[in-house]
Amino acid sequence: MRLNENYIDQKTTRLLESWAPRMKKLESVTGRKNSLERNLVLAHSLENTKIQAKFHESIQTADAGLYKIFALDIVGAVVQNLIAPEIVSVQGMDNSVGMVLYLEYKYGTTKGATKAGTAFADTRNFYQSDAMYSSCDVVDEPITLVAGTSQSFTLVQPAPINPNTITITLSIGGNSVVLTDNGAGTLVSPVSGYSGTINYSTGAVTLTLGAAATAATDTGVVNYSYAITYVDSTASSVRIPEVTLQMNKIPMFAKPRRMKAIWSFDSQYILNKEYGGTDMEDIMNATVAGEIMHEIDSEVMTDLYRAANAGPEQTWSDVVPMGISMIDQYNTFKIAVDKCCAKIYKATRKVRGNFLVGGVSVGTVCSSIVGFEAADVQNVNGPCYFGKLPNGVKVYLNPDFDDDVFVVGYKGSNMFDTGYILGMYMPVVTVPMVQLEDLAGRKGWAASYGKAVVNNRMYIRGRIVHN
């Protein structure tokens, strides 16, 4: 399993072409076009199920045809109706163990206050950057002081050093002392007793302190500018600040889900005889597959809530202040969501939140906001899409959440732009029904999938309070 821009390789292209007829049939039944991400998951899942069907043929040849009929249809139904692809990246796993790969960008050399090896970006987000790293200016390069009044050191960046650019700030005995370069190689200070020299050609600095430094407590930093465009045989290779790339990986292991159903022959007979030929097995297929799908969606949403780390939990009060109408107060919930989106942007320096998952009380508040675009939620099973806020944030409800909690998160337009990955190895497949001498029907369903949180700063928790 590879997560990079070349993910759609020849093997994946062949899978899409192989299963295109079934995916088109699925689109015609549902009346909506699948995204590329959902088609990729569906193709991998159907292929894995096909391999399982071959195994089934080898051990239960007589029932293999029924297995193919039920298994492939259930896979299509489950992948099509999962909420998860709308809020996280859902991908097909070729193997039961997968690796989520991502590039990490690091500063390769020490410059100013920035140490070599400090990460400033990866394929998931940006971190705090050094605004001066690629410039000729050096900011807050630390000085190691020794005990005494005489100090000497060499600037880290290769000489020549630009004259009139050096400023040294010292903290000696709790007092701040500043020395500046006069352009002639002399460092001067308005504080009596402090002086020094700078060799522009070598970067060597000497200081005389008016009060003795104590190496354990006193500190200093130096700001200066160096000739970044200067080229010679010794320093040119280290003169240009560099960036290093490192490939990191997060393992993802497929874990199983299992369910079985047992029903009596009499119930099956009555259902078929008195309710227009309704088949118990068909009902079980739809109900159990739907329950497993519900549980997977709920598990993903709960993971997002628990992992959220873009900032502290945000709160919004539903108490209506004096002189404010309830509608006006509920409209302020949109502002609270906007603040959550801003927290995600601050934490990632890359994206703002664009969806919300909440409990039923959160849905009540959202539906009361002026401009809320409500979805059709008259007939749903478990987590569902509830509508869209005026700021474009999509709202999903999860009845398994506490009523007043919610999580705001981000899901991009492609499968790589996310903080959470759900890898479907075997969506939901079934085995043929077995009925023994006790006249009890038995049937089992199974699913297998992996998951990985790759960036918890893309999510932030929230809560409605009542005071």
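Quick check on my link table: of LYS249/LYS443; LYS24/LYS343; LYS115/LYS346; LYS33/LYS451, which ones sit more than 32 Å apart, alpha carbon to alpha carbon? If you can, show how the numbers build up before the last one.
Working: LYS249/LYS443 39 Å; LYS24/LYS343 40 Å; LYS115/LYS346 23 Å; LYS33/LYS451 26 Å.
Check vs 32 Å cut-off fails for LYS249/LYS443; LYS24/LYS343.
Relative to the present Cα-Cα distance, how much length would full extension add between LEU16 and ASN391 at 0.36 nm per residue of separation?
Details: separation 375, 0.36 × 375 = 135.00 nm, distance 3.54 nm.
Going from the current span to full extension adds 131.5 nm.
Please list 3J(HN,Hα) in residue order for the range 217-222, calculated via the Karplus relation 6.51 cos²θ - 1.76 cosθ + 1.60 where θ = phi - 60°; whole Hz, with x for glycine and proline.
Using θ = phi - 60°, the values come out as 10, 8, 9, x, 9, 10 Hz.
Identify the trypsin sites (Lys or Arg not before Pro) of the range 309-361 meeting these criteria: DSSP loop state and at most 15 other C-beta atoms within 10 Å of the C-beta. Display every interim value, and only then the final one.
Details: sites: LYS334, LYS339, LYS343, LYS346, ARG349, LYS350, ARG352; in loops: ARG349, LYS350, ARG352.
Taking the range 309-361 and a limit of 15 other Cβ atoms within 10 Å, the loop trypsin sites (Lys or Arg not before Pro) found are ARG349.
Once you put a point 7 Å from the Cα of LYS33 and another 7 Å from the Cα of LEU439, both along the Cβ direction, what distance in nm separates them?
Spacing of the two 7 Å Cα→Cβ label points: 5.4 nm.
For LYS24 paired with LYS249, estimate the spin-label separation in nm (one decimal), with each label point 7 Å from Cα along the Cα-to-Cβ line.
It is 3.8 nm.
How large is the dipole of the range 277-401 about the Cα centre if only Lys and Arg carry +1 and Asp and Glu carry -1, each at its Cβ, rounded to the nearest 20 debye? Before the final figure, lay out each step's value.
Details: 10 positive and 15 negative charges, 242 e Å.
Roughly 1160 debye, rounded to the nearest 20.
Please list, in order along the range 317-323, the HN-Hα scalar couplings obtained from phi with the Karplus expression 6.51 cos²θ - 1.76 cosθ + 1.60 (θ = phi - 60°), rounded to whole Hz, x for Gly and Pro.
Along the range 317-323, the couplings run 9, 8, 6, 8, x, 4, x Hz.
According to a simple spin-label model (label point 7 Å from Cα along Cα-to-Cβ), what is the distance in nm between VAL377 and ASN414?
Each label point lies 7 Å from its Cα, and together they span 3.3 nm.
Report the gain in length on full extension from LYS273 to LYS339: 0.36 nm times residue separation, minus Cα-Cα distance, nm rounded to one decimal. Write down the numbers at each step before the final one.
Details: separation 66, 0.36 × 66 = 23.76 nm, distance 5.84 nm.
This chain segment gains 17.9 nm when fully extended.
Report the rotationally averaged projected area of the range 241-380 based on its alpha-carbon convex hull, in square nanometres. Working shown, then result.
On the way: hull surface 65.6 nm².
Directional mean of the projected Cα hull area for the range 241-380 stands at 16.4 nm².
Can you give me the P(r) profile for the range 168-296? Cα pairs, bins 10 angstrom wide beginning at 0, each as a whole percent.
8, 20, 13, 10, 5, 5, 8, 10, 11, 8, 2
Across 5 Å bins from the origin, how do the percents of Cα pairs in the range 358-401 run, short distances first?
Going out from 0 Å in 5 Å bins, the range 358-401 shows 5, 25, 36, 24, 8, 1 percent.
Starting with the highest mean, order 363-374, 198-209 by the number of other Cβ atoms within 10 Å, averaged over the residues of each peptide.
Details: 363-374: 16.2, 198-209: 18.2.
Ranked from most to least packed, the peptides come out as 198-209, 363-374.
Per residue of the range 142-153, what does 6.51 cos²θ - 1.76 cosθ + 1.60 with θ = phi - 60° give for ³J(HN,Hα)? Whole Hz please, x for Gly and Pro, Karplus curve as stated.
Couplings: x, 10, 8, 8, 10, 5, x, 9, 10, 10, 8, 7 Hz.
Once you keep just the Cα pairs under 8 angstrom separated by 6 or more residues, what percentage relative contact order results for the range 135-240? Intermediate results must be reported in sequence, preceding the final value.
On the way: 242 pairs, mean separation 42.5, N = 106.
About 40 percent, as a whole number.
Taking loop as defined by DSSP and a crowding limit of 15 other beta carbons within 10 Å, which GluC sites (Glu not before Pro) in the range 248-351 fit? Could the numbers behind the result be given before it?
On the way: sites: GLU274, GLU281, GLU291, GLU295, GLU299, GLU313; in loops: GLU313.
Of the GluC sites (Glu not before Pro), the ones in loops of the range 248-351 whose Cβ has at most 15 other Cβ atoms within 10 Å are GLU313.
With r defined as the distance between the Cβ atoms of THR229 and THR154 and R0 fixed at 30 Å, what FRET efficiency is calculated, to the nearest 0.05? Walk me through the numbers before you get to the answer.
Details: r = 21 Å, r/R0 = 0.69.
In this case the efficiency is close to 0.90.
Quote to one decimal, in nm, the extra length available between LYS115 and ALA286 on full extension: 0.36 nm per residue of separation minus the C-alpha distance between them.
Details: separation 171, 0.36 × 171 = 61.56 nm, distance 5.75 nm.
Here the segment from LYS115 to ALA286 would lengthen by 55.8 nm.
So for the range 276-350, taking the charge dipole from beta-carbon charges (+1 Lys/Arg, -1 Asp/Glu), which of ILE335, ALA289, TYR305 sits furthest toward the positive end?
Projecting each Cα onto the dipole axis, the largest value belongs to ILE335.
Calculate the FRET efficiency for ASN95 and GLU299 from the Cβ-Cβ distance with a Förster distance of 22 Å, rounded to the nearest 0.05.
On the way: r = 21 Å, r/R0 = 0.97.
The pair ASN95/GLU299 has a calculated efficiency of 0.55.
Can you pull the semi-axes for the range 135-240, root of five times each eigenvalue of the Cα gyration tensor, sorted largest first, whole Å? Working shown, then result.
Working: eigenvalues 128, 38, 25 Å².
Those come to 25, 14, 11 Å.
Computed from the coordinates by the stated procedures, all read-outs in this text should not be read as laboratory data. These numbers were taken from a predicted model, which means no experiment stands behind them. Positions of Cβ are generated from backbone atoms using ideal geometry, with glycine treated the same way; all protein chains shown enter the neighbour counts.
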